[in-house]
Structures are given as structure tokens and as C-alpha cells.
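The values are calculated or read from the model by the stated rules, or taken from the named source; none is laboratory data. If you're wondering where the values come from, they're calculated on a predicted model, not measured in any experiment. Cβ sites come from the backbone with ideal geometry, for glycine too, and all protein chains shown count toward neighbours. Note: accessible area is taken over every heavy atom of the protein model, side chains too, but ligands, DNA and RNA are not part of it. Shrake-Rupley method; radii C 1.70, N 1.55, O 1.52, S 1.80 Å.
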Amino acid sequence: MSSDVRFTDFKSDKQPTWCPGCGDFGTMNGMMKALANTGNDPDNTFVVAGIGCSGKIGTYMHSYALHGVHGRALPVGTGVKLANPDLEVMVAGGDGDGYSIGAGHFVHAVRRNVDLTYVVMDNRIYGLTKGQASPTSREDFETSTTPEGPQQPPVNPLALALASGATFIAQSFSSDALRHAEIIEQAIEHDGFGFVNVFSPCVTFNDVDTYDYFRDSLVDLKEADHDPHDYDDAKEKILEGDKEYMGVLWQDEESVPYHQTHGVTEDMTDIPDGAADGSMDLVREFY
Amino acid sequence: MAEDLNWAIGGEAGDGIDSTGKIFAQALSRAGRHVFTSKDFASRIRGGYTAYKIRTSTEQVQSVVDRLDILVALTQRTIDENLDELHDESAVIYDGERSWEAEYPDHITGVDVPLKSLAEEAGGAIMRNIVALGAACEITNFSIENLDEALEKRFGAKGEKIVENNKKAARLGQEYVAENYDLDVDYDIDETDNDYVLLNGDEAIGMGAIAAGCRFYAGYPITPATDVMEYLTGRIDEFGGHVVQAEDELSAINLALGAARAGARSMTATSGPGIDLMTETFGLVATSETPLVIVDVMRSGPSTGMPTKQEQGDLNMTLYGGHGEIPRFVVAPTSIDECFWKTVEAFNYAEKYQTPVYLVADLALAVTEQTFPPETFDMDEVEIDRGKVVDDDTVDEWLDEEGRFRAHANTEDGVSPRAFPGTADGAHMSTGLEHDELGRRTEDTNVRIEQVDKRNRKVDTAREQENWDYREFGNPDAENLVISWGSNEGAMVEAIDYLEERGVDVRFLSVPYIFPRPDLTADIEAAENVIVVECNATGQFADIIEHDVLQRVERINKYNGVRFKADELADDIEETLKTEAKAQ
Ligand SMILES: Cc1ncc(C[n+]2csc(CCOP(=O)(O)OP(=O)(O)O)c2C)c(N)n1
Ligand code: SF4
Ligand SMILES: [Mg+2]
């Protein structure tokens, strides 16, 4: 396969079981379009999915894929990419998966700056377990486990990424099909860890962070005269708090991906059928 | 048994005990002598007592004994800690100029050497341990030139001057003893022309991994497994591989899993607390049928336990850990050289059967250095079997009518084809959810049974195809049968000799395969007395053997944090047999 890859080639024959209207449909479509637009095909693409409604994405897409355990998708994707740098690696999961149980990994995956794309389908709720508060839920958002709301400030994922030394930080919205695909495409093309927080509304359990809310409140950076290469500008917008943005907030033009900083460029899958030449030197070292 | 010499240096952690001991061990090895080292150490960096012990002989030694001939004591506590092991012929080297007044029983020979002053004379107080090594050379009639090579190896990178100063320090120690003492302890350290290599179990595992084609390693530092990661760092890169220091063990195993999904031979190593975390992902490894080698270098638990002490307490965890029922292999090397070979085997099992393999070693193997003839690790003997891997040309055989790759095909032997990402038309999904042949989630009752059976069938296939044998020692016809696993082999093999001298005949089976494992029914039924020896309190291996054979066995358990010693084990076995005889 090559240039004639269409985004539908990335679709599996499993029918999604997401609720009708779920934001995850749009998020996934944009990912497939971006993969096709950047010249990838299912045989050179590896998708790692977390656990959650969002995590089902691995099943609905067609590519090499692993649907792992809750919160650990980023380490898996990192391992895949380091073992075979020729693969296009895309990691996707929910806000609970990425910012709660997997938060520790998020910080370190960002620091490593491995050349992969991380898409968080942020619905500000635990969808799969039927509506508990997530780390991005609003302070007063009432759920079955937080009848008065969490009464703690939500995590600001973009700020967390920035503080961890991110080289690419973007935010997107699943229902703005064109912009969303475009932003994911930029993340794929970024030389390093391309992080995109995608608002993917949960129509069943979250009646606050709805399509209407995002449509009305999101400011498209394309129309806001924003320079994504200006760190101070990015920092200001990320920490602002009263506005939410869509688009690439920050991209470090000087980003050097892990492969280059660590000299990991070989495909590790190819090994001889006995000990490699030079192995006896390892023994001699112990003289 | 050949004459052996037992030497030790002890002091406070941070005193350079380990590196000094290692230099002497290397000098002995260079002189064609066999060496077996052990460490008594505290986990604090300063303030704790620590000692490096060497047993050396012209013949292979593979155990420690309760006897100390030469002791370099940098602190009084070093003497106190070892009083039981010192005897009439022992010599203690100490520095009388230091603030402490060495106290030791009259029957021991004290050799007071101004270590610090002589070191300063050679160029710096930091070399006082080296002065002590020189003194030890004189007492044992061991040629000081042997030290030179070891000093060059240790300090070569720091420049010629440093090497020369150290050589001088050693000579000052030697001369001081020669001029001031006329000792009647005489230990002659004979030399041979043999060349040996000196390495510990962690290094053997690391070297085995590289030899086996492992190219990806992820780990999180933990005693006593860290040496595996430190060994691989830098070296694996020479072979096109890479080491990642993960943020925790949850990440380490998932990084390793990712690399394995990509098609690399991949490994992680940790100790008990890390296995606790990795257990989260263990079922996923098995269910997604990913080949992965997970090393558990056991230490004393539970919880943080005694992190620098020996124990074989994780057998049940590696056999049964994880929710649900997880097919796996558990392999436990019984000696340092076997750490190398069993690592090679572990990778082959992992890939041939697309199943996680626990390689279970223990602290006694990990931190012990032992000499071997280099051909013990003959790289030409290493075979790599990657199992059923398909490529662009052969992938077609495994596509269904609609051209989809059957990554979990329900085959007769249970093993499905494997397509590395990048293989044309091999794209497929893998998941920890129950899935069909294509890797797609399902809760269909028939498919569930089919896939569970298929995964378990791989273990059955392996049981038939591989050689799950034990290692046998002693008298094959003896009525006393001793069984053990892991590092106890060395002490037990030597205990057989002691027992023979006392007229006790023993057959000894050392079992490196925990699952699948050899069927010991016939061996146990043929014996009069059966004893299972292991470093834990409850007898985890004894439990599974009793369960296999439906017969009670005697147990020797040690769980004070110290490995078995050959002479002690001989006593224990004699005692157990006596008690048993009385009961009958
Ligand atoms: C170790 C573990 N704990 C708990 C769960 C249950 N669980 C599954 S998904 C999920 C949260 C999902 O929330 P999110 O990541 O936001 O995904 P969403 O469903 O909203 O897309 C939880 C708690 C689990 N699968 N594993
Ligand atoms: S519960 Fe919410 S997140 Fe899950 S599928 Fe339904 S709409 Fe989507
Ligand atoms: Mg969510």
C-alpha cells in the first residue's frame, strides 16, 4: 500500500458500540484521516489503546494494535516505537486512563519525547464505568461518587504537559472534523511526542461539557493570531484558566526526538539465529 | 576436596569493601584459581557493617563455608561479626594506629599494619585497603604481581599514576608484614595456568540476554536485580539494542511488552516488590500471547522485608500470581553459569510458545561472583528459535477468507502465527480482553473455551517437546533423596561430600524447572527418606512436590536471610535423617 491509502482502510469491520452521538466517533475519524493524509497505511501503523469507552478505538480501527491494561498505554507505545522506529505509533485513551491511573506515565512519556502521537479523548467523565468523576471533571460536577462535585480543581493536562517539558501541545474538538484531523496531522508530523487533548463529549453521562458548551466556548487559535512557537504566549494561554483553546498551543521547533538523543535507530526485531558476532568479547570482559 | 582458603574484608558500608574485595578476587582468578565470593551487606550507604568474602581453591568452589582464615578488619564490628568463623589458624589484619583498639581472642593471630600511614606514603589514605591486600599477599605467600593486573583493570581508566600508586601501596603493605612479622600461619596460595572468567548471576543473566538476541530492556532499579540493568546499559547498545530506565515497574513491563509486540526480544528484571506491580500486566502478556522474559531476582520479603538478604519466597507468586488463570513458564537457574543458559532458554520458550516466562533467580546467585573456564559460555552453543514467525511471503497461509490475519489461530499445538508490525497484510489487534482468532473482543462462550484451551495447549505442547529435566548429583542409588531449587545447588553439592565422609549417602536432584517441571514421582517412591531444601519458611517447593506426588516429604527451611552454607547443610541433613529414623 502507498499513496492510494484511504482513511477507510483504517476502519475495522467491527461496528462501534459507542452510544449514538458519542464524541469518540469524531475523534477516531479524524485520527484515521490524519494517518492516511500523512502517508501511513495499516501495516506500518501501531495503535495502542487504553481502557475506557475511548480505549475501544483499538478494536474499531484496522492496524497493528494493542488494547492493554488501564492506564499503561503510553509505556506500551514507547516500547513499540523504540523497538521499531519505522512504525507510526499512535496512543489513544481517556482522561481517566491518561491523567489519573496513568498520570505518572504521562509525565515521563512527555519528558522522553519519543516520536509518537498521544490522543486523549477527554470527556471529563468516566464513561465506561458509567459516570464517575474524572480528573478533568469540574469542581462542582455532581456524579454518583461525588454528589457535591469533586470539590478539587480539575487537572490542567496542557499545563501538566508543559511543566513536564512537552515539545508539542495541542487541543482539539471531535466535532470540528476538519480542524481536528488537521491538528492530529500536525501532531503526527511533529518530531517528538505529539500530545493532543481532544474534547470528545460523553452524551450519556456528562450534561455539562456538551457539544454546545465546547462549540460556544472554544477559541480557535487559528483565528486568535497565536504563534505556537512562542513559549511565553503558549504558557500564558495554557495557564489562563478562563478560556479554552483549540489548535496547537505550543510546538518546540528545536525538538529532538528520543531516537536521536539516544541513538536508537535500528530495527531491533532483526537478530541472527545464534549469538551475534562479537558475543565472545562479552565473556572475555570478565577475565 | 582441594585445600581452600577463606578470605574476607569487612568494614562500614561506603569503605570501598566491595571494590577492594573484587580486586583480590580478580587477582586470584588471574592466578588461575577458582573463586567464589559472597557479600554480607547492609542496605544503608554508610554506617552499616558490610563484608566481601572470598573462598578460593584450585578446584571449582560453589559455596560458602563457616570458616574464615584471613580477615581484613577495618572496624571492630567486622571482627565481632565473624568471631564464630575465626579459628586457631586465622589471621586478622587491622590498623593499630586507628582510634579503635582491636580486640580478638588469643588464639587468633593479629597482624597490625599501619594501613593509613602506608597508604599516605604511597600517595593517599584512600589506598589503605590496597595496603591491606598487599599484607594479605604476604601472609598467604601470594605473588604480588597477581594484584597488579587486577589493579590495572580497576584503575586503568584513571590514569597510569593512580595505577602505580596503588601498586606501590600494595608493596608497602607486603613489605611491612615481611619485615615486622614472622608468622606461623601458613597458607600458600598455589597458582595454575588456567584462565578463568569471574562474574555474578545478574551479569550472567544480562550476558545471556544479549547472546539470546534480547535487544530491548526496561527496568526500574531494585536490589538485587539492578546489576542486570547496569550490565546491559551500554553493552546491549553495541548489539543494536537499548535500555530504558522506566518510571516504575508498571511502566517497565509495559515498555518491554510494547517492544515485544513490535517483534523485539525483550526483557525486564526486578525483585519481589516490582513483581507485585508487574503482576498487573502479566495476564495481558499471556492473553495477548506476547513473548516476554520477566526476571525476578528474589530477596527477602514480604513488603520491603530484608532487601539485601537471601530468600526464595516468591515461588508461589510467580507460579500463581495474577487474577484469572494465566499460562506461563517458570524457570529457576540453579547456579551462576546456569543463569546464562537458562536466560537463553527462557527467550526460546517465550517466543516458541508466545507466553510470558518468569526467570526466577535469587540474591545468593545475583551478588555472588564465581570463576568459570570461559568455554562455559561458549557462544557457538547458543541457539535462537523464534517460533512461528511469518513474513510478507508466508503471511498468506494465515489469512481468513476475507484476507484478515489470524493472529490467534486455533491450531493443533496451540501456537499461532506471529506477524511483526510492518508485515504486509498482517495487521491485527491484540488485547487483554477475550478475543477470537482475529484478536477481536468476544464474549461468545464457544470462542472463549476455544481460546482458553488453545493457550493452555501451548503449555501441553511445550511439556512434550522440551526437556524439563533435573540436574542430578551424589549416589544415584542412595536411599536418601534431597531435592532443591535455585541457588542451594552449590552448597548442597558440597554437602554431599561432607555427608559421604560421615557415612551418609545422598542422591540430590536440583530442579531448575518449576513450571512445567519434571515428574519426580518415581524418584520419590524409590527413596526411603525425602528432604526438600529451600530458603523460605513454609516450604513452597515442598508443597508443590507433595501435591504432585501425593506423599509427605521432610523439609529443611532457612529464612534468616542468609543462604545455606555447605557444612551447615550437611549437619541439617544428618539431623533430619536421624529424627526421621527415630520416628519410624
Ligand atoms: C486496574 C483497573 N481499575 C479499574 C478499572 C475500571 N475502569 C475501566 S475504564 C475506567 C475509567 C475510564 O475513564 P476514562 O479513561 O476517562 O475513559 P472513558 O470511558 O471516559 O472514555 C475504569 C475506572 C480497570 N479496567 N482496571
Ligand atoms: S458512555 Fe459516554 S463516552 Fe461512553 S460511549 Fe457512551 S457517550 Fe461515549
Ligand atoms: Mg473519560
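Summary table below
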{"item": "Size of charge dipole - segment A:7-286 - debye, nearest 20, with Cβ of Lys, Arg +1 and Asp, Glu -1, no other charges", "result": "1000 debye"}
{"item": "Heavy-atom accessible area order for A:ARG6, B:ARG418, B:ARG457, largest first, 1.4 Å probe", "result": "A:ARG6, B:ARG457, B:ARG418"}
{"item": "Ratio Rg/Rh [Cα only; Rh per Kirkwood] for segment B:61-130", "result": "1.02"}
{"item": "Reference-scaled alpha-carbon Rg (2.2 N^0.38 Å with N residues) for chain A", "result": "1.04"}
{"item": "For peptides B:276-288, B:346-358, sequence by mean Cβ density within 10 Å, most packed first", "result": "B:346-358, B:276-288"}
{"item": "Averaged over B:243-249, number of beta-carbon atoms from partner chains that fall within 10 Å", "result": "4"}
{"item": "Beta bridge orientation in the protein assembly as shown: antiparallel %, DSSP, nearest 5", "result": "30 percent"}
{"item": "Prolate/oblate/rounded label for segment B:286-346 (Cα gyration tensor, a/c 1.5)", "result": "oblate"}
{"item": "Cβ-based charge dipole, segment B:199-381, positive-most Cα from B:VAL297, B:GLY283, B:PRO373", "result": "B:GLY283"}
{"item": "Ranked by how many other beta carbons lie within 10 Å on average, peptides A:147-160, B:73-86 from highest", "result": "B:73-86, A:147-160"}
{"item": "For segment B:140-216, radius of gyration divided by Kirkwood radius, i.e. Rg to Rh on alpha-carbons", "result": "1.14"}
{"item": "Contact order relative to length of segment B:318-431, as percent, for alpha carbon pairs under 8 angstrom and 6 or more apart", "result": "21 percent"}
{"item": "For segment B:199-381: Kirkwood Rh in Å [reciprocal of mean 1/r, alpha carbons]", "result": "15.7 Å"}
{"item": "Principal-axis tilt of helix A:177-189 within chain A, Cα atoms, nearest 10 degrees", "result": "30 degrees"}
{"item": "Anisotropy class of segment A:151-198 from Cα gyration tensor, a/c 1.5 cut", "result": "oblate"}
{"item": "Mean separation of Cα contacts under 8 Å, 6 or more apart, over the residue count of segment B:5-195: relative contact order %", "result": "23 percent"}
{"item": "Normalised alpha carbon radius of gyration of segment B:149-294 [divisor 2.2 N^0.38 Å]", "result": "1.52"}
{"item": "Segment B:11-120 - convex hull of alpha carbons, volume per residue in Å³", "result": "114 Å³"}
{"item": "MRE, 222 nm, helices only [DSSP H, n ≥ 4, -39500 (n - 2.57), over chain B, to nearest 500]", "result": "-12000 deg cm²/dmol"}
{"item": "Relative contact order of segment A:150-287, pairs being alpha-carbon contacts under 8 Å that are 6 or more residues apart, as %", "result": "26 percent"}
{"item": "For segment B:5-195, projected area of the alpha-carbon convex hull averaged over all directions, nm²", "result": "10.3 nm²"}
{"item": "Nearest-ten-degree value, helix B:160-180 long axis tilted from longest Cα axis of chain B", "result": "50 degrees"}
{"item": "Cα-only radius of gyration and Dmax that characterise segment A:47-91, units Å", "result": "9.9, 29"}
{"item": "Helix A:23-37 axis, angle to chain A major axis (alpha carbon atoms, nearest 10°)", "result": "40 degrees"}
{"item": "Hull-based mean projected area of segment B:433-525, where the convex hull spans the alpha carbons, in square nanometres", "result": "8.5 nm²"}
{"item": "For chain B, fraction of C-alpha pairs farther apart than 33 Å, in %", "result": "48 percent"}
{"item": "Kirkwood Rh in Å, taken over segment A:151-287 so that all alpha-carbon pairs contribute", "result": "17.9 Å"}
{"item": "Ratio Rg/Rh [Cα only; Rh per Kirkwood] for segment B:389-465", "result": "0.98"}
{"item": "Hydrodynamic radius (Kirkwood) for segment B:471-583, which is based on Cα pairs only, to one decimal in Å", "result": "13.9 Å"}
{"item": "Sequence of B:THR50, A:THR17, A:THR8 when ordered by accessible area, the most exposed leading, probe 1.4 angstrom", "result": "A:THR17, A:THR8, B:THR50"}
{"item": "Lys, Arg +1 and Asp, Glu -1 on Cβ, resulting dipole of the protein assembly as shown about Cα centre, debye, nearest 20", "result": "2340 debye"}
{"item": "Solvent-accessible area buried by B and A, counting both chains, probe 1.4 angstrom, square angstrom", "result": "4900 Å²"}
{"item": "Percent of Cα-Cα distances greater than 40 Å, calculated over the protein assembly as shown", "result": "46 percent"}
{"item": "Residue mean of other protein chain beta carbons inside 10 Å, B:261-273", "result": "4"}
{"item": "Mean accessible surface per residue for the protein assembly as shown, computed with a 1.4 Å probe while every protein chain stays in place, in Å²", "result": "38 Å²"}
